[in-house]
Structure formats: C-alpha cells, structure tokens
Amino acid sequence: MKIYRITFIVTFLAINLNIVSAQNKITEKGNKKFEVFAYNDAIDIYLKAIRKGEESPELYANLADSYYENSNMNNAAIWYGELMKQDLNQIKGEYYFKYAQALKAIGDYSKSDEWLQKLYELNNDDTRAADLKYEPNYVERIGLQSNKFSIDTVSINSEFSDFAAAYGDRGVIFASSRENGVAVKRTHTWTGLPFLELFTALVAENGDLIVAQRLKNDFNNKYNESTTAITKDGKTMYFTRNSYSNGYQKDENGIIRLKLYKATREGDTWVNAEELPFNNKEYSVAHPALSPDNTKLYFASDMPGTKGLSDLYVVDINADGSYSSPRNLGDRINTEGRDTFPFISENGHLYFSSDGHLGLGNLDVFVCLDPSNPTDDNIYNLGKPVNSKKDDFAFIIDDNSKLGYFTSNRDGGLGSDDIYKVKQLKAIVEECTVIVDGTVVNKLDGNLITNASVTIYDNDFNVLHNLESDDDGAFSFELDCKEANTYNALGEKEKFKEDQQSFTVDGDNKLQLRLALEPKPAEVGTDLFKLLNLNPIYFDYDKSFIRPDAEIELAKIIAYMKEYPSVKIDVRSHTDSRGSDSYNLKLSQRRNTSTINYIRTKGEIAKDRITGKGYGETQLTNQCKNGVKCTDEEHEQNRRSEFIVVAN
C-alpha cells in the first residue's frame, strides 16, 4: 500500500540498523536516494551495486526497506532473507518484524511465525511477537470472523492509486493519484506516483461508486491531500494535507510532514482551510474520523508519547470550536507497529488498520467494539475477504444499510490501491458457544457403548470436561468458540482400547463427535466359553458330530476369532467320570476333533490358530471321580468344552 507509506516518514528513521560497515561507492549513491525516501531510484542503484560485487548488511537492509516501503513484498522478503544471513547480533528487532511481515504478505505464515518468535526471544516486551506466544492459533481465530462480509470493486478505480473513501453529504470523497488532465505532473519520488488529490463520487443504488470529479477551489494544492471526515450537517470537513503554511514546512531532518486541516462549505465548494492547533511540523497528524455525535475527533499520529510507528489519538471538540489535548487510545489498541486509519461507526465501533496486531497480511482491518474500554476481548480482526496478504485499510461502514468501503493493494486490482465496496452479511462473533454432541460405539460392530468415560482436553491437555456416555451411548458438552482452538476428546472403557479425536470449534455449526472403541483381545489364559457366556455345547450320546444347538455357540467363537485375528486358542474337551477311562478319553478326543474341524471349516480359521486335545475324565472340576456317587448336575460340571486363549 504505497500511499500509506507516505504518511509517516518516521518509518525508517525510527529503526536504523545498528551496523557499522565500510560503504562502497555505488552503495553510497543509493544511500543518498534512500535518505530522501526516493526508493525507486535507490532500488535501481542498490541492484547495480550488487551486480558490481558490493555487499554489506546496510545495503541489504536498505534495499529490502525500499521494496517494503513500495509494497513489493516478494522482493522485500528476498533481501530481508539475505540480511538475516548476516550477523544477527548487529541487526535490530524491527528488521525481524519487517521480514515476518514480508513473509506473511507472500503467504508463508509458518516462516513468518518463526521470525516473530525470534523477535520475542530478542525482546519479549514487543507485543507484536508476544501475542503470537499466547495465541499461536491466531489464524484459526481470525477464521471465525471470516466471511462476515462480501466485497466487490467499484467503478471509479483507476490504474493509479484510489483510496480512503469517506462519507459526505453528497456521496463520498476519496483520494487519488490519477493524473486526469493535470498540466504539471508532480511525482513523489517515494512511489513514482503523482501527488494525491481529493475527488468526489456518487453512490449508485447498488453501492457502486460512479462519476468521479475533482474537488475545486482551496483544494488539490501543490502537495498531497487525502483522508477526510465531514460533519453530519455537511458544513465542516477535516482532511489530511502535507505541512503547508505560507510555504512548505519541514522538520529538523528536512522532511515535510502531514497535518490535519479544517475547511468549511460555501455553496458547492470548500473554503477557509486552516490547520488544527495540535499539529506540529516535527511529527505527522493524519487520517481524521469523527464520533457519531461529532464531539470527538480521532486521528493517527507519531507525536511524542506514541508507542509505535503511529498510534491512534482522540481530542474533544468543544462547543466553542476549541480542542482538548490529544489523548492516546492506549496500548490495547496501539502497538509497536502502525495503527492508523480510524473510523467510528454510528454504533460507536472503532474500525482501524494495524500491522502490529496479529493478522493475515501487512495492514489488516480491526474493530474495537468499545473504544472507551478497549480489551483483548473486544478487538477483532475482520478476517477474509476484507483482509488479505497485502495492505487493507481505510474501512468505513453504514451500520444501518450494512454497506461500506475499504481500500486494498491486494493482487487483482486495477491500480496500486483500489477501493472496494463491502456488505456486512453477519455480525462479528462476540459471545460464542458451540454445543458438541457425541456418541461412543463399538468399533467392530457399531453397537452403542454405555457408561464409557469421555474426557475433553484443550490443546495443552488441560481437562475441561469429564463425562460419561448415557444409555444411548451419547454425551454432550459446550465450548467457547470465540477462541479458535484445537480440542481433544478421549473415550475409555474397561476391556476396550481407548479412542482419541482432535477437533476445532466452528462458530457457525453444531459439532458431532463419534468415538469408536475397539474391544481388547482377551488375555492369555482366558476361557472364551466364560468370556462369551456360552451355553453348554452338547453332543448326542456316544456321538461326536456337531448338533444345531452347538453350532449356535461355536458361531460365537468363530465371530470372536474373526474379530481378533491375532488370537489363538486351544480347545479342551472333557467328559464326566461315568464310563471307562479309556472310553471317555477316546470320546473326548473325537468330540475335540469335530469341534476344531467345525471352527476351521465354517469360520475359515487358519490351522495354526487353533489347537486342541481331548482330556476325558482326567481334569475333573469337582469330587465326582470313579466310584463317587454324584447328581446329574454335578456330573454336568465336568462335561465341558474350554476355549483357552494361548496367544493374542
């Protein structure tokens, strides 16, 4: 966003390299251009110096800065990368931040975060980096606010820079660098663009801006004019202009700063432009915005007491037309970076742009819902599509119609900056509770599992909820979706393997979870007859074939072995003591063989997974041995089949 770079010349002066190096001849020529902010010329000279073999940290830093100030972030990232290959002990943290911003502008969020982390390690008081430490999922949080607006370009955009549409009583007023028949071309060496002038445009029924016309009379003077705010009665306009009073005023470094001016309407023209009393030629005061009742004037400045490269301030407009002393809006809004382009909506919401708050690109648009009491909980990034990888700024909106405008230098525009119309579709997510419903099921058969333990953790595995599935295998809980975080749900139950799922809350949807617990294989030594609660497996008298009622029970053994393909069993067949020992041994072996063959054949179970033996009456479970009188029920206890797990 080239136009914004003009507003606060302090950008480079505040962040000089802590570097001492021998200057090469060509580099020295480039530095002279760089020092007067002739960045286009400086770029050409620095590239020539590199081709001639000159190199130094200062050369790389100034070349990267020249691209950065002209919003060429691809090349800025390349040369900041070269700078960071030098001795980092000689490089101030501001370059870490600018490198991170350039990386973000080209979509490399991961590497951008790495350099913000390095900045935090270098200076943990820098809130731009500290915010990342405490909100690593900021991109996801911004995603909660995304798609609350729709955007489209407007018809008045040109191939030059058009930006900062502001409401007037007869449409909008905006700034443009379009030449439009100007006889004398005044080109600012910073951007290579003509100077800015103010234009009006009509608002079409669909919100499009049409019929651009230059303001007349006391406006469109010799130097830049931009960003306006007009009172509700349409009689007074505040606007930004280069420092000019009976000639151009320069600060002690020879730089012409920005000032706020006030003009009044006479008929169809604006006249009597006068500067505001809190201006100063040593710092910039710019980008006015009026409170809904027109009793307060907000603006951006780098005046003494500013925290960052520019801060937001406010003054009271007294009944007699005088102004209070400027008040800084505080460090909840202002950062070490650029905080600028304020706008107060009819509802009292403060919209502003910042590259110091965590965002998607360089300048992002934010809203503070209560500027009289700003907190981390009432400042929001507007998300996509308003914000992009590039500069997005000068946002205004009508709270009644939900229509507004903002400016961006994103890819795909007509000029270097373009105005976009915006339509608010949904409200900003403030209080947000998501209801999460879930069920716990058996992974193998899908049956519901009751009384399962369900634990909900945050991303740091702090316990948030301890739950238990009900008779329908269901559970439910609530989460705050204002913060876009990743959560974990853990399902557990005895004799089942646990299941864990990660999920992220979504402010627009009700979430559904499904925890599938897989039964654990039985331990070695377990008798599947008891585990599966089988009915006794009966054989006809003196026979060994498998009866239909026995098939039902053996089908359960087959199902279990298919369910757990690693399980191996040993089938053990027993008789009671009635009959001879040798007879019972042979009978049990025949029945054992039939049982094994049935399981192998019907279940297609591998031969090495099932073994067995008939034991006759050699392993009685009670006192009913030969010669002992027992009841049929007592003998029945010994007529049994065992299916012992020997491997799992």
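Within the range 28-39, residues that are assigned by TED's automatic domain parsing to the domain that holds S66 and within 14 Å of N70 (Cβ to Cβ) reach partners that are among the hydrophobic types (A, V, I, L, M, F, W, C) and modelled with pLDDT of 90 or more with beta carbons closer than 7 Å, at six or more positions or on different chains, in the pairs K33/A42; K33/I45; F34/A42. From the list S416, S401, the one residue that fits, being touching a helix residue (DSSP H, G or I) at 6+ places or on another chain (Cβ under 7 Å) and in the same structural domain as Y380 (by TED's automatic domain parsing), is S416.
Here the condition is being basic (K, R) and closer than 15 Å to R514 by Cβ; of K443, K426, it holds for K443 alone. A452 falls short on exactly one of the conditions (1) farther than 23 Å from A164 by Cβ; (2) at pLDDT 95 or above; (3) surrounded by fewer than 22 Cβ atoms within 10 Å (Cβ to Cβ), and that condition is (3).
Looking only at the range 328-356, which residues are of a type in the set (G, A, S), assigned to a loop (DSSP other than H, G, I, E, B) and on the phi < 0 side of the Ramachandran plot?
Start the filter on the range 328-356 by keeping residues that are of a type in the set (G, A, S), which leaves 330, 337, 345, 348, 353-354, 356.
With the extra rule that they be assigned to a loop (DSSP other than H, G, I, E, B), the set shrinks to 330, 337, 345, 348, 356.
Answer for the range 328-356, where residues must be of a type in the set (G, A, S), assigned to a loop (DSSP other than H, G, I, E, B) and on the phi < 0 side of the Ramachandran plot: G337, S345, G356.
State whether the residues of the range 310-327 include one that is in contact (Cβ under 8 Å) with a residue 60 or more places away in the chain, in a loop (DSSP other than H, G, I, E, B) and buried (at least 21 other Cβ atoms within 10 Å of the Cβ). Even if it seems obvious, please write down each step before you answer.
Initial filter on the range 310-327 (in contact (Cβ under 8 Å) with a residue 60 or more places away in the chain): 310.
Add one more test, that the residue is in a loop (DSSP other than H, G, I, E, B), and what stays is none.
Scanning the range 310-327, I find no residue that is in contact (Cβ under 8 Å) with a residue 60 or more places away in the chain, in a loop (DSSP other than H, G, I, E, B) and buried (at least 21 other Cβ atoms within 10 Å of the Cβ), so the answer is no.
Here A130 meets the list (1) at negative phi; (2) in contact (Cβ under 8 Å) with a residue 24 or more places away in the chain almost entirely, failing just condition (2).
Hey, any hits in the range 464-472 for a residue that's buried (at least 19 other Cβ atoms within 10 Å of the Cβ) and either among the polar types (S, T, N, Q) or touching a Cys at 6+ places or on another chain (Cβ under 7 Å) (or both)? The answer is yes, given that some residue of the range 464-472 is buried (at least 19 other Cβ atoms within 10 Å of the Cβ) and either among the polar types (S, T, N, Q) or touching a Cys at 6+ places or on another chain (Cβ under 7 Å) (or both).
How many residues are out of contact with any Lys or Arg (no Cβ under 9 Å at 6 or more places or on another chain) and among the acidic types (D, E) if we restrict to the range 365-416? The number of residues fulfilling the criteria is 3. For the range 607-625, filtering for residues that are at pLDDT 95 or above and hydrophobic (A, V, I, L, M, F, W, C) leaves 1.
Which one of these is in contact with a strand residue (DSSP E or B) (Cβ under 7 Å, 6 or more places away or on another chain) and either among the basic types (K, R) or more than 18 Å from G207 (Cβ to Cβ) (or both): D437, D398, D418? Outline the logic, then answer.
Numbers: D398 fails: either among the basic types (K, R) or more than 18 Å from G207 (Cβ to Cβ) (or both); D418 fails: either among the basic types (K, R) or more than 18 Å from G207 (Cβ to Cβ) (or both).
The match here is D437.
Could we say that V436 is within 30 Å of Q500 (Cβ to Cβ), surrounded by 19 or more Cβ atoms within 10 Å (Cβ to Cβ) and under 24 Å from the mean Cα position of the chain (by Cα) here? Judged against the criteria, V436 is a match.
The values are calculated or read from the model by the stated rules, or taken from the named source; none is laboratory data. The structure displayed is predicted, hence computed values, not measured ones. Here Cβ is always computed from backbone atoms with ideal geometry, including for glycine, and neighbour counts include all displayed protein chains.
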